[in-house]
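Here the structure is laid out as structure tokens; the discussion comes afterwards.
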Amino acid sequence: MLIRVINPNTTEAMTKLIGESARLAAGPDVLVEAVTPAMGPASIESRYDEALSVPGLLAEIAAGEAAGAAGYVIACFGDPGLDAARELATGPVLGIAEAAMRAASSLGRAFSVVTTLGRSTGRTWELVDRYGVRSTCRSVRACEIPVLDLESDPSAPARILAECRAARDDDGADVIVLGCAGMADLCADLTTALGLPVIDGVAVATATVAALARLGLRTTSCGEYAPPPPKSYSGALRDFGA
């Protein structure tokens with residue numbers, strides 16, 4: 001079974017980290033292909049970044065369909081392009097925010113999200129409402145570390161841990177959701193330090209997509225998730241027409 005895990009930004013080092021997390025969660029019968037789009041932003045830290053990440057992401061979904069992928073993970077916590085990806089894909093498509101939030105709601109009474117920059121917290125709250133978990137989300141906390149600094153800033157693990165502790169002690173969270181795919185490698189250490197479940201959405205989304213595919217469940221082709229109607233596109237998007 002082939003699962004395609006797409007990092008919607010163009011930073012190869014992050015794709016490598018995402019792939020490592022996904023492979024640990026996938027199981028021995030799953031081939032995980034972690035891919036980086038040919039176009040898009042180096043990181044996704046704004047609405048503008050998110051919008052411009054979607055064409056490259058959809059190109060990777062189309063390539064996965066041609067390769068026979070059984071399902072897909074969108075490895076960015078804003079879940080960019082999720083609905084459009086589901087229109088293109090036959091197999092299940094999960095964003096890491098949706099997967100993580102739903103898992104958190106199954107593991108405790110209340111969860112908090114710890115993310116990168118404060119400007120992304122509004123988008124996270126939008127997703128909390130979209131996925132119907134507002135009653136169990138206690139807070140969204142930002143450590144104010146840019147995405148691309150997560151690997152290079154030596155203070156990053158301690159600052160993320162401090163926000164996780166504040167979510168636990170001050171906000172009443174008994175589960176922590178990591179709000180960036182670039183935090184995936186911190187999950188085990190944070191779990192040990194905090195003494196409560198810490199969720200990496202990359203791992204949860206990969207395991208869930210694999211389980212859905214094993215059950216033979218596919219994205220519906222009825223209504224809104226039916227394939228998009230054929231039409232031509234122009235300019236830089238000319239190759240995206242059906």
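Values quoted throughout were computed directly from the atomic coordinates according to the rules given, and no laboratory measurement underlies them. The structure displayed is predicted, hence computed values, not measured ones. Glycine also receives a Cβ, built like all others from the backbone with ideal geometry; neighbour counts cover every protein chain displayed.
Points worth noting:
- Cβ crowding within 10 Å averaged over residues, with 90-101, 138-149 ranked highest first: 90-101, 138-149
- Crossing angle, helix 12-26 versus the chain [Cα axis fit, 0-90 degrees, rounded to tens]: 80 degrees
- Which labelled figure in [x] 53, 38, 33; [y] 47, 38, 37; [z] 45, 43, 35 is Cα extents along the principal axes in Å, once derived from the coordinates: [x]
- The C-alpha atoms of the chain define a longest principal axis, and helix 121-130 lies at about 70 degrees to it.
- Gyration tensor (alpha-carbon) shape descriptor, the stretch 104-213, a/c threshold 1.5: rounded
- For the chain, the dipole from Cβ point charges (+1 on Lys and Arg, -1 on Asp and Glu) about the Cα centre works out to 540 debye, to the nearest 20.
- The stretch 119-166: translational diffusion in µm²/s, Stokes-Einstein, Kirkwood Rh over Cα pairs, 25 °C, 0.890 mPa s: 203 µm²/s
- Positive-end residue, the chain charge dipole about Cα centroid, Cβ charges, pick of Ala89, Ala156, Cys187: Ala89
- The stretch 62-139 - charge dipole about Cα centre, Lys and Arg +1 at Cβ, Asp and Glu -1, debye rounded to 20: 420 debye
- Cα-based helix-to-principal-axis angle, 47-67 vs the chain, degrees rounded to 10: 60 degrees
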